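K.L.:
So that we are looking at the same thing, I have put the structure below in structure tokens.
The values are calculated or read from the model by the stated rules, or taken from the named source; none is laboratory data. Worth saying up front: this structure is predicted, and the values here are computed from it rather than measured. Note: ideal-geometry Cβ built from the backbone for every residue, glycine included; neighbour counts use all protein chains shown. For the accessible areas, the whole protein counts, side chains as well, though only heavy atoms, and no ligand, DNA or RNA atoms are used. Shrake-Rupley method; radii C 1.70, N 1.55, O 1.52, S 1.80 Å.
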Amino acid sequence: MKVLVIGSGGREHAICWKISQSSKVDKIFCAPGNGGTDIVDKCSNLNITDIDGLIDFASKENIDLTVVGPEGPLTEGIVDKFKSKGLKIFGPSLKAAQLEGSKIYSKDFMKKYGIKTAEYCTFDDKDSALKYIENCRYPVVIKADGLAAGKGVSICQNYEEASTALNDFMVKDVFKGAGKNVVIEEFLEGVEASILTITDGNIILPFISSKDHKQIYDGGLGPNTGGMGAIAPNPYCTEEVLKDFEKNIMEPTLRGIQQENLDYVGIIFFGIMITKKGVYLLEYNVRMGDPETQAVLPLMKSDFVELVENAIDRKLDKFNLQWKEGASCCVVAASKGYPLKYDTGLKIEGMEKSSNVFAAGVKKENGQFKTSGGRVLVTYGVGNDLNSAVEAAYCNLKKISFPGMYFRTDIGK
Ligand code: AMP
Ligand code: GLY
């Protein structure tokens, strides 16, 4: 098989790495990929990013399967376009991708199908939103309707903070259109978990649970980032929590997908909050998480390509998805200044010495690895338990350095 993977982050490096282990696969292309995907066994980078160009390539190269990493192309309808040309692709349709692409669509979907989620209101004009926050309970959560690169959520402690957020979102238009409409919702207290699942439209099959570490500083302090590290399984996801999740969130989600006639063969990522009053759904993502993928895939025993093919053939009920025993941890090394301003083009030492690296903001220039993004890479470790996985991930990180390299020291601790 020839497989095309779309994306350029650490998640896509992990996906290419896992796909390369499939005996069914001869060749992988990663478009556009990064300095790490290019050196994965069987894999080459492909410098194409536009959907028409990718369709051309997939047709001419006789690509057997395309796997989409990020949400961008999914919400632009890449799956519908590939399918209309008879090309095999794994991911939700444009309409189904609205479950991530529009917070208003996804909250209304949750409400319609009785999925437990925070109470909310939606607004398309600033005056009514401002009126609402005069009398609401604080803290309150304000969310931009559209995609905002993980930055579209503001937790506001009082009226001043909320009116500033509304002004930024709806008037200053800091998210270039994505914040014109907003969701204002109840603040939930609890611990978060990320549950990746796969669906063929007939069933949803959960992966092992995981936990992101979103804030930049140790102890969960400072601004949110794309994620600074992850562990799997998530220690808070007890059997009781998972039962609650499956009954009150996962099963009604499947009913909703079926009743709305959504063409959904792909990953559903459930961002949940485990509270004293049970499990709530915070959000759907229609793709795998980053960095959750870099912790989850190293524990997957099954062949990823077989799993995806079974989903596309709507035979997931027959698939025996298997996981390794033990735990996994990945730690992100970021550029100094991230998630705000940071330099790029800095030399990375030691990448060749560690086998447990997934590159993200890494490019190769004249034979040398250099930084090209905020989150530069992750190192991961797998162990019999969480402590040994954490220790292994940090031990692998010690082999790597670049000027100003920053990482949290408390992932999984
Ligand atoms: P989302 O993009 O909806 O997952 O929101 C991003 C982050 O904001 C989540 O991972 C939570 O940490 C936080 N968040 C979102 N909604 C809520 C809520 N209703 N209550 C508390 N925290 C929230
Ligand atoms: N780690 C959270 C996300 O991928 O959205």
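K.L.:
Residues in the range 171-192, backbone N under 19 Å from the label point at SER128 (7 Å along the Cα-to-beta-carbon vector): list them, ranges by number please.
P.N.:
171, 178-186
K.L.:
Continuing with the same structure: In nm, to one decimal, how far is the GLU306 label point from the GLU186 one, both placed 7 Å along Cα→Cβ?
P.N.:
That separation, rounded to one decimal, is 4.5 nm.
K.L.:
Can you compute the charge dipole magnitude of the range 230-308 about its Cα centre, using +1 on each Lys and Arg Cβ and -1 on each Asp and Glu Cβ, nothing else charged? Give it in debye, rounded to the nearest 20. Numbers along the way, then the final one.
P.N.:
Numbers: 7 positive and 12 negative charges, 55 e Å.
Taking the Cα centre of the range 230-308 as origin, the dipole is about 260 debye.
K.L.:
With a 1.4 Å probe and all protein chains kept in place, how much accessible area does GLU349 have, in Å² rounded to the nearest 10?
P.N.:
The accessible area comes out at roughly 90 Å².
K.L.:
Please list, by residue number, everything in the range 131-148 whose backbone N is under 16 Å from a paramagnetic label point 7 Å out along Cα→Cβ of CYS121.
P.N.:
Inside the label zone: 131-143.
K.L.:
Within 13 Å, Cβ to Cβ, of GLY219, how many net charges do the neighbouring residues add up to if Lys/Arg are +1 and Asp/Glu are -1? Present the calculation step by step, with values, prior to reporting the outcome.
P.N.:
On the way: positive: LYS214, ARG408, LYS413; negative: ASP218, ASP410.
In short, +1.
K.L.:
Oh, and also: Choose one of ALA359, VAL67, PRO223: the residue whose Cα lies farthest towards the positive end of the charge dipole of the chain (beta-carbon charges +1 Lys, Arg; -1 Asp, Glu; about the Cα centre).
P.N.:
ALA359
K.L.:
Quick check: with the 1.4 Å probe, what order do LEU340, LEU254 take by accessible area, largest first?
P.N.:
Values: LEU340 135, LEU254 30 Å².
Per-residue accessible area, sorted high to low, gives LEU340, LEU254.
K.L.:
If you rank ARG287, ARG375 by how much accessible surface each has, with a 1.4 Å probe, what is the order from largest down? Don't skip to the end; give the middle numbers.
P.N.:
Numbers: ARG287 35, ARG375 55 Å².
Largest accessible area first, the residues go ARG375, ARG287.
K.L.:
Right, here's the next one. I need the P(r) histogram for the range 115-176: all alpha carbon pairs, bin width 10 Å from 0 out to the longest distance, whole percents.
P.N.:
Pair shares across the bins are 21, 59, 19, 1.
K.L.:
In addition: Grab the DSSP H runs of the chain that are 4 residues or longer, score each as -39,500 (n - 2.57), total them, divide by all residues and round the 222 nm result to the nearest 500 deg cm²/dmol. Present the calculation step by step, with values, prior to reporting the outcome.
P.N.:
Working: 13 runs with 107 residues, N = 413.
Helices in the chain give a 222 nm mean residue ellipticity of -7000 deg cm²/dmol.
K.L.:
Full-extension gain between GLU76 and THR238, please, as 0.36 nm times their residue separation minus the C-alpha to C-alpha distance. Walk me through the numbers on the way to the answer.
P.N.:
Numbers: separation 162, 0.36 × 162 = 58.32 nm, distance 3.66 nm.
Length gained between GLU76 and THR238: 54.7 nm.
K.L.:
Still on this structure, I have one more. Give me the net charge of PHE245's neighbourhood, meaning all other residues with Cβ under 12 Å from the Cβ of PHE245; Lys, Arg count +1, Asp, Glu -1.
P.N.:
On the way: positive: LYS116, LYS243, LYS247; negative: GLU239, GLU240, ASP244, GLU246, GLU251.
So the surrounding residues net to -2.
K.L.:
Oh, and also: With a 1.4 Å probe and all protein chains kept in place, how do GLU160, GLU240, GLU309, GLU246 rank by accessible area, largest first? Walk me through the numbers before you get to the answer.
P.N.:
Details: GLU160 120, GLU240 150, GLU309 30, GLU246 65 Å².
Greatest to least solvent exposure: GLU240, GLU160, GLU246, GLU309.
K.L.:
Hey, another quick one. Of ALA311, VAL331, THR344, which is farthest on the positive side of the dipole of the range 288-367, counting Cα position, with +1 on Lys and Arg Cβ, -1 on Asp and Glu Cβ, and the Cα centre as origin?
P.N.:
THR344
K.L.:
Right, here's the next one. For LYS399 and LEU340, what does the FRET efficiency come to when R0 = 30 Å and r is the distance between their Cβ atoms, rounded to the nearest 0.05? Write out the running numbers ahead of the final one.
P.N.:
On the way: r = 28 Å, r/R0 = 0.92.
Taking R0 as 30 Å, the efficiency between LYS399 and LEU340 is 0.60.
K.L.:
Roughly to the nearest percent, how much of the accessible area of the chain is carbon and sulfur, given a 1.4 Å probe? Intermediate results must be reported in sequence, preceding the final value.
P.N.:
Details: 8380 of 17790 Å².
Carbon plus sulfur share of accessible area: 47 percent.
K.L.:
Along Cα→Cβ, 7 Å out, is where each label goes; now give me the distance between the ones at ASP168 and LYS277 in nm to one decimal.
P.N.:
2.7
K.L.:
Heavy-atom accessible area per residue, the chain, 1.4 Å probe: how many Å²? Spell out each step's value before the answer.
P.N.:
Numbers: 17790 Å² over 413 residues.
Here the per-residue accessible area is 43 Å².
K.L.:
Could you tell me the distance between the Cα centroids of the range 303-350 and the range 139-201, to the nearest Å?
P.N.:
Result: 25 Å between the Cα centres.
K.L.:
In vacuum, with every alpha carbon of the chain counted as one equal point scatterer, what does the Debye formula give for log10 I(q)/I(0) at q = 0.11 Å⁻¹? Two decimals, please.
P.N.:
-0.82
K.L.:
Something else about it: Just how large is the dipole of the chain about the Cα centre, in debye to the nearest 20, putting +1 at every Lys and Arg Cβ and -1 at every Asp and Glu Cβ? Display every interim value, and only then the final one.
P.N.:
Details: 50 positive and 54 negative charges, 115 e Å.
Approximately 560 debye in magnitude.
K.L.:
Charges at C-beta only: +1 for Lys and Arg, -1 for Asp and Glu. How large is the resulting dipole of the range 322-406 about its Cα centre, in Debye rounded to 20?
P.N.:
Numbers: 11 positive and 7 negative charges, 72 e Å.
That gives a dipole near 340 debye.
K.L.:
I'd like to compare 96-107, 162-173: which one has the highest average count of other Cβ atoms within 10 Å, and what's the full order after that?
P.N.:
On the way: 96-107: 22.8, 162-173: 18.2.
The peptides rank, most packed first, as 96-107, 162-173.
K.L.:
Would you kindly find the accessible area of VAL174, with a 1.4 Å probe and non-protein molecules such as ligands, DNA and RNA excluded, rounding to the nearest 10 Å²?
P.N.:
For VAL174, the solvent-accessible surface is approximately 70 Å².
K.L.:
If I stretch the segment between SER59 and GLU349 completely, what's the gain in nm (0.36 nm per residue apart, minus their alpha carbon distance), one decimal? All intermediate terms of the calculation are to be shown ahead of the outcome.
P.N.:
Working: separation 290, 0.36 × 290 = 104.40 nm, distance 3.88 nm.
100.5 nm is the gain from fully extending SER59 to GLU349.
K.L.:
For the charge dipole of the chain, defined by +1 on Lys and Arg C-beta atoms and -1 on Asp and Glu C-beta atoms about the Cα centroid, which residue among TYR236, LEU377, TYR138 has the Cα displaced farthest towards the positive pole?
P.N.:
The one lying farthest along the dipole's positive direction is LEU377.
K.L.:
7 Å from Cα along Cα→Cβ at both LYS176 and ILE39: what's the point-to-point distance in nm?
P.N.:
If labels sit at LYS176 and ILE39, their model points lie 3.2 nm apart.
K.L.:
Let's test the formula: R0 of 51 Å, r as the Cβ-Cβ distance of LYS324 and ARG137. What FRET efficiency results, to the nearest 0.05?
P.N.:
Values: r = 44 Å, r/R0 = 0.87.
Efficiency, from the Cβ-Cβ distance: 0.70.
K.L.:
Could you tell me the calculated FRET efficiency between TYR159 and LYS315, based on Cβ-Cβ distance and R0 = 41 angstrom, to the nearest 0.05? Show your work: numbers first, answer last.
P.N.:
Working: r = 53 Å, r/R0 = 1.30.
With R0 = 41 Å, the Cβ-Cβ based efficiency is 0.15.
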